[in-house]
1. Which order do 4, 46, 55 fall in if you start with the one that has the fewest other Cβ atoms within 10 Å?
2. At 7 Å along the Cα-to-beta-carbon direction for both residue 2 and residue 54, put a label point, then send me their distance in nm to one decimal.
3. Which of rounded, prolate, oblate describes the chain, given a ≥ b ≥ c as roots of the alpha-carbon gyration tensor eigenvalues and a/c under 1.5 marking rounded, otherwise prolate only if a/b is larger than b/c?
4. Comparing 81, 48, 12, which has the greatest mean-square fluctuation in the GNM of the chain with Cα pairs linked when under 10 Å apart?
5. Rounded to the nearest Å, what's the spacing between the alpha carbon centres of region 1-20 and region 32-91? Just the number, please.
6. Tell me the mean residue ellipticity at 222 nm calculated for the chain from its helices only (DSSP H runs of n ≥ 4, each -39500 (n - 2.57), averaged over every residue, nearest 500).
7. At a threshold of 8 angstrom on Cα-Cα distance, excluding pairs fewer than six apart, so keeping six or more, what relative contact order does region 3-90 reach in percent?
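Read-outs: derived from the displayed coordinates by stated rules, not from any lab. Fair warning: this is a prediction, and the values are worked out from it, not measured in the lab. No Cβ is skipped: glycine too gets one built from the backbone with ideal geometry, and neighbour counts run over all protein chains shown.
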């Protein structure tokens with residue numbers, strides 16, 4: 001195996017873990033994201049959701065939620081979420097039509 005492939009195999013999981021940690025910190029300490037993704041919710045998690053939480057989508061490994069109340073991620077952690085990530089962010093650059101529609 002080449003040295004470059006070995007380095008990629010070593011660093012890729014570390015970079016992924018760092019990215020997930022940064023996204024979790026952004027969600028925990030700010031309300032910048034319009035929605036939240038809860039990874040691996042427990043069986044009783046939905047029953048314990050805050051009353052203002054709206055379920056946008058659900059599958060076997062995640063649950064996407066929305067709330068306009070500040071501190072939403074902190075409240076999700078309090079009711080049993082293991083990992084809360086931001087959802088619905090547009091990224092660093094605006095959408096292509098966003099600048100054209102501002103005039």
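1. Lowest to highest Cβ neighbour count: 4, 55, 46.
2. Taking the simple label geometry, residue 2 and residue 54 are separated by 5.0 nm.
3. oblate
4. So, out of 81, 48, 12, the one fluctuating most is 12.
5. 29 Å
6. -11000 deg cm²/dmol
7. The normalised contact order for region 3-90 reaches 38 percent.
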